[in-house]
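Below is one structure, written out as structure tokens, with a few remarks after it.
Bear in mind that the values in this text are calculations on the coordinates, not laboratory data. For clarity, every value in this text was computed on a predicted model and none was experimentally measured. A quick note on method: Cβ atoms are made from the backbone with ideal geometry, for glycine too, and the neighbour counts reach across all protein chains shown.
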């Protein structure tokens with residue numbers, strides 16, 4: 001096989017230390033490395049004539065997330081949650097033990113909760129909601145019973161009704 005492994009998913013952030021606190025302290029990711037680069041070859045790789053990059057690598061449950069900050073030339077775009085049907089990255093999904101508590105934590109840490117997206121009733125076995133980090137990256141939060149490693153819709157996964 002030509003591809004050996006998926007190494008990480010990278011997201012551009014506006015404030016790397018704030019994002020580190022959000023993903024590490026609130027969502028339980030562990031910092032596993034840092035990197036700072038500028039000039040060639042990072043200018044070529046990123047397709048920018050002048051660039052300075054700071055990156056922090058986080059791990060959680062066997063996957064790795066790269067937080068990327070661009071002190072030069074800076075970040076662009078909206079910090080609003082992207083529409084789910086916009087082509088490209090849509091969201092990160094987390095299985096949670098207490099949906100209400102994690103939503104409160106997200107808001108306290110500078111993110112937000114899309115209250116109109118709530119699925120399931122209080123007391124039901126499965127509830128879900130969409131939230132977002134301080135830069136608008138969507139987070140799907142699912143509180144439920146059954147195997148937290150189950151693929152949605154697969155064996156061991158229970159759906160809100």
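Summary of values
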{"item": "Per-residue Cβ neighbour rank within 10 angstrom, fewest leading, 52, 30", "result": "30, 52"}
{"item": "Extended-chain gain in nm, criterion 0.36 nm per residue less alpha-carbon gap, residue 15 and residue 95", "result": "26.3 nm"}
{"item": "Bridge type composition, the chain - antiparallel percent by DSSP, nearest 5", "result": "75"}
{"item": "Efficiency of FRET between residue 87 and residue 42 - r from beta-carbon atoms, R0 22 angstrom, step 0.05", "result": "0.25"}
{"item": "Theoretical FRET efficiency, 1/(1+(r/R0)^6), r = Cβ-Cβ of residue 149 and residue 3, R0 30 Å, to 0.05", "result": "0.85"}
{"item": "More than 23 Å apart - percent of Cα-Cα pairs taken over the chain", "result": "46"}
{"item": "Ellipticity estimate at 222 nm from DSSP helix runs (n ≥ 4, -39,500 (n - 2.57)) divided over the chain, nearest 500", "result": "-3500 deg cm²/dmol"}
{"item": "Inter-probe distance in nm under a simple model that places probes 7 Å from Cα toward Cβ, at residue 104 and residue 76", "result": "4.1"}
{"item": "Sorted by Cβ neighbour density within 10 Å, fewest at the top, the residues 57, 23", "result": "57, 23"}
{"item": "Listed peptides 83-90, 132-139 by packing density, highest first (mean Cβ within 10 Å)", "result": "132-139, 83-90"}
